[in-house]
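A short write-up of the structure that comes next.
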Amino acid sequence: EFNARLTMSHYKKKEVARSSVRGVDIEFDSERLASILGIPGNNGICEYIKEVWEESKYTKPLEITRKFANENTIMEARRVRSIEMKPFQRFIHFLVMKNVVPRFGKRDTTSYMDLIYMDHITSRRLVNLPRVMMMHMSYVISVKDHELPYGD
């Protein structure tokens with residue numbers, strides 16, 4: 001019921017989720033979600049990049065491609081297949097695609113976004129999980145034929 005009625009809006013540069021369950025209205029933003037989950041909010045990377053492979057202040061696409069493909073001779077940024085990763089890297093990829101930005105399908109290759117989060121996690125840099133979750137929910141409900149990936 002929550003997922004079926006979920007709407008996302010933007011207020012003061014924040015995503016706000018609204019829904020209802022059994023007649024009870026529910027509204028939260030990333031700060032409230034952090035409180036609900038009992039985790040820190042407002043710290044760390046919160047970029048949400050679907051398919052743009054460009055440098056940012058946080059990442060260099062070629063460097064993270066080389067890092068997770070375990071090959072320094074790669075000449076351009078690209079998706080990395082799980083078979084190219086070391087076991088620990090595959091485990092981190094699994095955590096990212098199941099918990100940070102969950103999805104159905106295409107689980108044997110990374111997206112650029114996966115690589116960004118994997119790089120932050122393995123480098124012990126913070127990821128603003130509540131904000132990323134809010135942006136992911138907003139994206140998923142805006143695209144036809146997608147289901148909300150977080151629990152039902």
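Points worth noting:
- Contour excess over end-to-end distance, with Cα ends at ILE26 and THR73 and 0.36 nm allotted per residue: 11.9 nm
- Local electrostatic count, LYS98, Cβ distance below 14 Å [Lys/Arg +1, Asp/Glu -1]: +2
- Percent RCO, i.e. relative contact order, over the chain, from Cα pairs under 8 Å lying at least 6 residues apart: 26 percent
- By the Cα gyration tensor, region 1-90 has an equivalent ellipsoid whose semi-axes, rounded to whole angstrom, run 37, 16, 13 from largest to smallest.
- Share of carbon and sulfur in the accessible heavy-atom surface of the chain [1.4 Å probe, %]: 53 percent
- Stretchable slack from PHE2 to PHE94, in nm (0.36 nm times residue separation minus alpha-carbon distance): 30.5 nm
- Estimated FRET transfer efficiency when R0 is 30 angstrom, pair SER56-LYS13 (beta carbons, to 0.05): 0.95
- If you wrap the tightest convex hull around every Cα atom of the chain and split its volume per residue, you get 122 Å³.
- FRET efficiency estimate (nearest 0.05) - Cβ-Cβ, GLU63 to SER35, R0 41 angstrom: 0.70
- For region 73-152, the spread of Cα positions along the three principal axes, ordered from largest to smallest, is 40, 27, 22 Å.
- Per residue of the chain, the DSSP helices (runs of n ≥ 4 H) give a summed -39500 (n - 2.57) that works out to -10500 deg cm²/dmol at 222 nm.
- Taking label positions 7 Å along the Cα-Cβ direction at both ARG124 and ASN43, the computed distance is 1.4 nm, reported to one decimal.
The values are calculated or read from the model by the stated rules, or taken from the named source; none is laboratory data. Just so it is clear, the structure is predicted and the values come from calculations on it, not from any experiment. Cβ coordinates were reconstructed from backbone atoms using ideal geometry, including for glycine residues, and neighbour counts include every protein chain displayed. Side chains included, ligands, DNA and RNA excluded: accessible areas come from the protein's heavy atoms. Shrake-Rupley method; radii C 1.70, N 1.55, O 1.52, S 1.80 Å.
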